[in-house]
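Only the coordinates and a few stated rules stand behind these numbers; no lab work does. Bear in mind the structure is a predicted one, so any value in this text is a computation, not a measurement. Cβ: placed from backbone, ideal geometry, glycine included. Neighbour counts: every protein chain shown.
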Amino acid sequence: MLRELEFEARPALAEDTRPPRIFADETKLRILAAAESLYAARSIESVSFREIAQLAGNRNTNAVQYHFGNRETLVQAIFAWRVWQMEPIRGAMLDAAGEEPDLAALFRILCEPLLDLVDDEGRHTYAAFMSKYLMLQRPVGIPHAGDIRPDINGNLRRILDRVNAIVAAEDMQMGDYRIALSYLVVTNMLVLSDNERLQQRDPTLLRRRFEVALSMAVAAMKNSCGI
């Protein structure tokens, strides 16, 4: 069945630049974008597959279930899609940062690509979706697809592992918890700014807010670890 192929990993070869199978399918991409937008505006639990299919422009209201099976698989697919999109940007930023980037550089590399993940109205739908997921949905210690797909998450994993090494996290679960709380400072700033339509009204001010939020996120991370 198609949905069994969604997270089929393949070897991460440097010369292999093909997108994963799911991200080469326009129907699935429209569904992912529609689901992210609706989840960002409301909540994951309150959105039906029928609504997602309709927003995606699909006349078959069973299309979402056909392609993704269930809500959990769809949510994981959104993560995988966005992680894959951000990977080359994060890779270039990591290369530019040198061999041992500090905590501030790592959080910039982690968060700055969020600024470009916007819908047709300029809303940071992935940041809003991520914020809701981290605060309301994600069970502690349960990885999402972006964490466990070595063929699409190499640079993200490098960032997270380096952060945990710098702060000497007691274990990966506590390390991820600290990173998530700090990350929420940035995602929630974008949600608040979108509520004010700041991207459209004053992108320069939005950028200044991002820098403030990023500084606060790094400071929180350092303070929580006593560094």
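Results, tabulated for the structure shown:
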| item | result |
| --- | --- |
| Additional length obtainable on full extension of the chain from ASP120 to SER43, 0.36 nm per residue less Cα span | 25.7 nm |
| Karplus 3J(HN,Hα) series, Hz, for the range 49-58 with 6.51 cos²θ - 1.76 cosθ + 1.60 (x for Gly, Pro) | 4, 4, 5, 5, 4, 5, 5, 6, x, 9 |
| Computed label-point distance, nm, for sites SER215 and ASN195 using a 7 Å Cα→Cβ extension | 2.3 nm |
| Segment MET172-GLU99, extension gain: residue separation times 0.36 nm, minus the distance between their alpha carbons | 24.1 nm |
